[in-house]
1. Considering (1) modelled with pLDDT of 95 or more; (2) open to solvent by less than 50 Å² (accessible area, probe 1.4 Å); (3) among the small types (Gly, Ala, Ser), say which one residue 73 fails and leave the rest.
2. For region 153-185, what are the residues that are touching a Ser or Thr at 6+ places or on another chain (Cβ under 9 Å) and not in a loop (DSSP other than H, G, I, E, B)?
3. Any residue in region 257-278 that's within 24 Å of residue 7 (Cα to Cα) and in contact (Cβ under 8 Å) with a residue 60 or more places away in the chain: show its pairings with residues that are open to solvent by 70 Å² or more (accessible area, probe 1.4 Å) and of a type outside the set (Gly, Ala, Ser) at Cβ separation under 7 Å, as long as the two are six or more apart or on different chains.
4. Provide a single number: the residues in region 186-195 that are free of Cβ contacts under 8 Å to residues at least 60 places away in the same chain, part of a strand (DSSP E or B) and in contact with an Asp or Glu (Cβ under 9 Å, 6 or more places away or on another chain).
5. Quick one: in region 300-319, which of the residues that are within 28 Å of residue 139 (Cα to Cα) and modelled with pLDDT of 90 or more is least open to solvent (accessible area, probe 1.4 Å)?
6. Across region 131-146, which residue is farthest from residue 251 (Cα to Cα) among those that are open to solvent by less than 10 Å² (accessible area, probe 1.4 Å) and acidic (Asp, Glu)?
7. Which of the following residues is in a helix (DSSP H, G or I), more than 16 Å from the chain's Cα centre (by Cα) and closer than 21 Å to residue 321 by Cβ: 79, 84?
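The values are calculated or read from the model by the stated rules, or taken from the named source; none is laboratory data. Because the structure is predicted, anything quoted here is derived from the model rather than measured. Backbone-built Cβ (ideal geometry, glycine too); neighbour counts: all protein chains shown. SASA here: full protein model, heavy atoms, side chains in, ligands and nucleic acids out. Shrake-Rupley method; radii C 1.70, N 1.55, O 1.52, S 1.80 Å.
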Amino acid sequence: MPASVSLEQNFLDVISGRASGVSAAALRTALRAAAPVYGAVVGVRNRKFDRTPGVRLPRPTISVGNLTTGGTGKTPVVQWIAQQLIDTGLRPAVLLRGYRQRDGVSDEAELYRAGRIVVGVNPDRVAGAASVLRDAPATDVFILDDGFQHRRVARDLDLVLIDAINPFGFGHLLPRGLLREPLSSLSRAGGIVITRCDRAVGDELLGQIRQHAPATPVVRCRHVISGLIDAEGAPIDATQLGPVTALAGIGNPGAFFQQLESEMRLTIAHRIAASDHAFYDRATLASLPTGRPVVTTEKDFTKLRHLPGIERHQILRAVLRIDFAPGDADAITQLVMGALDKCPTNARNESS
């Protein structure tokens, strides 16, 4: 396991309380002391943007973001929203930072492009939007990927994703926990999506949300693996597979491994959990056992496929789809389209 992955896992073990002992307790105390400093900086920044509206892009803008760091299943939700817009005749473009790019390549950007979605990769979303409109002037809606904290850009709808498995990042602001902002920031949300919601949402979670967003629409969805495909996109019968190697470099690899076992009924002989947006190289290739299928995510496949020698392994991709609770798919679609209707630069009117 790479050192960066080990450090990330050790950090999570400490802040979650899984790590015990005197040194872990001392580190939690130190991190707890640093959290108010981080919170003060966030508060100053938010008050600034509360007073000064962000830059309005020349197209309607939908933001999809998180309160926490780590994986909330944001990428498939952005893909789903983009597809809904496409199905109504609109031409969306996703604007993202391109976090942890390598050689100018972003794994998330590659994944969106594979779905024929226009992408603008730039830490400066305003510049990214301008670049998209130069190359794809027919674009009529922007989606900010991970945009909740990027308040420099005004948005017509703020969707916030909350992971039902670990909704509030162990209950503390960074660096003691995983919260980027306090829960009070939920008051800015125009809609809340509870992801990985495989069971009924408990009253405690809904109560915490309602304390800060009493009237904000809340919808629920789960991430379902609907099947496996090979490197060429051909479907694979999971029931015919023996033990597999599972590899994931996403925000929550444990949830992915669990889905492979519970939904695909796969036997995982070897797990490789990399950090989110991890880069893969010859060492990764050397760590893959031979003679056994490797099951990974679509995002990881965009990086693995470029490795020289990867063709010696049978790489299988898990096909992920978003499954909303009854009525919630229509609710989120109406929320998005309603925001576009109210936008000064109405996307549907401009495209008609």
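1. In the conditions (1) modelled with pLDDT of 95 or more; (2) open to solvent by less than 50 Å² (accessible area, probe 1.4 Å); (3) among the small types (Gly, Ala, Ser), residue 73 misses (1) alone.
2. Listed by number, the residues that qualify are 153, 157, 158, 159, 160, 161, 162, 163, 169, 170, 179.
3. What qualifies is 277/99; 277/100.
4. Adding up the residues that qualify gives 1.
5. Per the stated criteria, the residue is 300.
6. So in region 131-146, the residues open to solvent by less than 10 Å² (accessible area, probe 1.4 Å) come out as 132, 139-145.
Those still in the list that are acidic (Asp, Glu) too: 140, 145.
Numbers: 140: 30, 145: 15 Å.
That would be 140.
7. Numbers: 79 fails: more than 16 Å from the chain's Cα centre (by Cα).
Of 79, 84, the one residue that is in a helix (DSSP H, G or I), more than 16 Å from the chain's Cα centre (by Cα) and closer than 21 Å to residue 321 by Cβ is 84.
Residues are listed down the side, and each one gets a yes or a no for (1) modelled with pLDDT of 95 or more; (2) more than 20 Å from the chain's Cα centre (by Cα); (3) assigned to a loop (DSSP other than H, G, I, E, B); (4) polar (S, T, N, Q):
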position: 198; (1), (2), (3), (4): no, no, yes, no
position: 207; (1), (2), (3), (4): no, yes, no, no
position: 228; (1), (2), (3), (4): yes, yes, no, no
position: 231; (1), (2), (3), (4): no, yes, yes, no
